[in-house]
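Here is the structure we will look at.
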Amino acid sequence: MNAPTASIREPARDVKVAGRADVLVIGGGPAGMAAAFAAARNGASTLLVERYNHLGGLASGGMVLVLDDMWDSHLNEISVRGVCLDMIERLAALGLASFPAQHEWGRSAAAVSRWTRWGTFDFHSHDKPHPICFAVAFDPDGWKRVALEGVARHKVDLRLHSWFSHALVEDGRILGVVCDTKSERQALLGDIVIDTSGDLDVAASAGAPFSAGAYMLTTVFRLGSVDTDDAERFEREQPEAFAALDQEIKRLIGGSWAHWWLKTPLPGVVWCNCPHMTGLDGLKVEDLTQAEIRGRRHIHQAVDFVRARLPGFERCVIIDVAPQTGVRQTRLLEGDYIVTKEDLMQRKRFPDAIARGRDYTTPYRSLLPRDVDNLLVAGRHYSATSSAQKMSREIPPCMAMGEAAGIAAAMALDAGVTVREIDVKKLQAKLRAQGADPGDQSGPNADVPALAAAVGSRLLPEAA
């Protein structure tokens, strides 16, 4: 074929059925893990499908190494619990998670000095410096390890290296999916399917309505052999010189948040959630390719500069660039309810709330696609406007959505009804009974002893 053509016709073929389950979860990121664990814990046979060689999505492969948006600043309490807190406890037991103790939450000078470079502060606060809150810095390979241990503990059937191709739908009801693999195309069937792909791949293929969104892309990376004590000392003792260098570094790196590097639980290893690249579409191969090329160019020129100029970074080396591109927003579901920015800003308490985030709740209806039965959506592609999603897309609230979706799927199977017909009040009660917080009750939900129990005896009130 010497010239490009508009299209070719694929021949029809039979596809082998490689797996069946009560609940089929497509996407092994934070929301998908939580959904699979919750469904299996509630008695459903569960099949979890992931395209990469690891679980954790942007938490591990994307190296988004701070868990935030799990703190209610109005009530001064942890707002995301359940599977997310269980992951934190298990990571901390391995020495692979760091976070401030309860007595350090707030604006004390000592806490701010100790924890700001871990990223465990309320970055939405208008106060400067930002107050310290409950947020967690963690190690990505630790996340992968704990995730696989969870798969074994909950007896989830796992299929890695399986790339979603298209949904199987009959008479408006989803039956399963087809995936591409190294060996062949394979069909995977489920009585209920949960789309945790991050890009709404399954629901869009099944015919559910959606809107198009976009946000910046990032090629996250880590540096090793950094003397963080020396770097922080320079920042503290020579603020004007530091500010000038910091401004130049951010220019070279192509844009970043306020802190272009943060500490990790590994000594001498720092996390860099940058460069920020706009004007690229996370669904286009050409744009994703350009993100990798541009991102690495920015990374190398910034690293060359900091080696030569920034105290503490003289011997730094690039350990890795995240294997998963940092995509923040693409397709967004248009479900039974579309969450708006006003809902979040006004702290709306929905009667069918099934998850909390920072200062907001998520209604069950926003997980329900229109026009497709027995399909649930959980994660950053849930039913929300673009502006609302930018405020509610972080890992912990996505995990809370996934946990709710997994329990809802198991409930629907037990009751012999569709996921749209379940008793949401019973779902809320099950979430609370299993350690999660659906967000349907107003007011503080934990005193100090209850908080310590929720996080685990090894974690609070002392710092890890």
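The values are calculated or read from the model by the stated rules, or taken from the named source; none is laboratory data. Because the structure is predicted, anything quoted here is derived from the model rather than measured. When we count neighbours, we look across all protein chains shown, and the Cβ atoms used for this are built from the backbone with ideal geometry, even at glycine. Keep in mind that these areas ignore ligands, DNA and RNA; they rest on the heavy atoms of the full protein, side chains included. Shrake-Rupley method; radii C 1.70, N 1.55, O 1.52, S 1.80 Å.
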*Give the residue, chosen from HIS154, HIS161, HIS166, that is within 27 Å of the chain's Cα centre (by Cα) and free of Cβ contacts under 8 Å to residues at least 40 places away in the same chain.*
HIS166
*Among the residues of segment 188-196, is there at least one that is under 27 Å from ASP86 (Cβ atoms) and open to solvent by 20 Å² or more (accessible area, probe 1.4 Å)?*
yes
*Looking at this structure, is GLY190 on the phi > 0 side of the Ramachandran plot and at pLDDT 95 or above?*
no
*asked:* Residue under question is VAL193, and the condition is that it be of a type in the set (A, V, I, L, M, F, W, C) and in contact with a Ser or Thr (Cβ under 7 Å, 6 or more places away or on another chain); does it hold?
replied: no
*If ALA135 satisfies every condition in (1) more than 20 Å from the chain's Cα centre (by Cα); (2) open to solvent by less than 10 Å² (accessible area, probe 1.4 Å) but one, which is the exception?*
(1)
_Residue check, GLY61 farther than 25 Å from GLY439 by Cα, of a type outside the set (Lys, Arg) and out of contact with any strand residue (DSSP E or B) (no Cβ under 6 Å at 6 or more places or on another chain)_ = yes
*Taking strands (runs of 3 or more DSSP E) that do not extend beyond segment 75-188, which have at least 3 residues that are closer than 30 Å to SER256 by Cβ?*
136-138
_Residues that are assigned to a loop (DSSP other than H, G, I, E, B), small (Gly, Ala, Ser) and touching a residue at least 40 places away in the same chain (Cβ under 8 Å): does segment 61-70 have at least one?_
yes
*Could you tell me which numbered condition GLY82 fails, if it satisfies all but one of (1) farther than 30 Å from CYS179 by Cβ; (2) open to solvent by 10 Å² or more (accessible area, probe 1.4 Å)?*
(1)
*Go through the residues of segment 288-309 one by one and say whether even a single one is closer than 23 Å to GLU394 by Cα, crowded, with 17+ Cβ neighbours inside 10 Å and either in contact with an Asp or Glu (Cβ under 9 Å, 6 or more places away or on another chain) or not aromatic (Phe, Trp, Tyr) (or both).*
yes
_Considering only residues that are buried (at least 24 other Cβ atoms within 10 Å of the Cβ) and of a type in the set (S, T, N, Q), which ones fall in segment 111-122?_
THR120
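Residues checked against (1) hydrophobic (A, V, I, L, M, F, W, C); (2) over 21 Å from ASP157 (Cα atoms):
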site: GLY29; (1), (2): no, no
site: ALA39; (1), (2): yes, no
site: ASN42; (1), (2): no, no
site: ARG51; (1), (2): no, no
site: GLY57; (1), (2): no, no
site: GLY62; (1), (2): no, yes
site: ASP68; (1), (2): no, yes
site: SER73; (1), (2): no, yes
site: ARG81; (1), (2): no, yes
*Looking at (1) closer than 18 Å to ASP141 by Cβ; (2) modelled with pLDDT under 95; (3) of a type in the set (A, V, I, L, M), which is the one condition that is false for MET63?*
(2)
*Report whether or not ASP423 is surrounded by fewer than 24 Cβ atoms within 10 Å (Cβ to Cβ), of a type in the set (Asp, Glu) and touching a residue at least 24 places away in the same chain (Cβ under 8 Å).*
no
_Pairs, first within 18 Å of ASP69 (Cα to Cα) and free of Cβ contacts under 8 Å to residues at least 40 places away in the same chain in segment 30-43, second open to solvent by 10 Å² or more (accessible area, probe 1.4 Å) and in a helix (DSSP H, G or I), C-beta under 6 Å, six or more apart_ = none
*Can you find even one residue in segment 329-346 that is open to solvent by 70 Å² or more (accessible area, probe 1.4 Å), more than 22 Å from CYS274 (Cα to Cα) and touching a helix residue (DSSP H, G or I) at 6+ places or on another chain (Cβ under 6 Å)?*
yes
_Looking at SER125, SER73 in this structure, which one is free of Cβ contacts under 8 Å to residues at least 60 places away in the same chain, hydroxyl-bearing (Ser, Thr, Tyr) and surrounded by fewer than 21 Cβ atoms within 10 Å (Cβ to Cβ)?_
SER125
*Test: residue in segment 363-370 that is surrounded by fewer than 18 Cβ atoms within 10 Å (Cβ to Cβ) and either small (Gly, Ala, Ser) or on the phi > 0 side of the Ramachandran plot (or both)*: no
*asked:* Restricting to segment 283-302, count the residues that are among the basic types (Lys, Arg), assigned to a helix (DSSP H, G or I) and over 27 Å from PRO267 (Cα atoms).
replied: 1
*Write out, first by first residue and then by second, each pair whose Cβ atoms fall under 9 Å of each other, whose residues are 6+ apart or on separate chains, and whose first residue, in segment 300-313, is touching a residue at least 24 places away in the same chain (Cβ under 8 Å) and more than 10 Å from VAL226 (Cβ to Cβ) while the second is outside any helix (DSSP H, G or I) and open to solvent by 40 Å² or more (accessible area, probe 1.4 Å).*
VAL303/VAL317; VAL303/ILE318; PRO311/ASP227; PRO311/GLN238
_Quick check on VAL156: is it over 21 Å from SER60 (Cα atoms) and open to solvent by less than 60 Å² (accessible area, probe 1.4 Å)?_
no
*Identify the residue in segment 12-60 that is within 27 Å of ASP320 (Cα to Cα) and in a helix (DSSP H, G or I) and, among all such residues, is most open to solvent (accessible area, probe 1.4 Å).*
LEU58
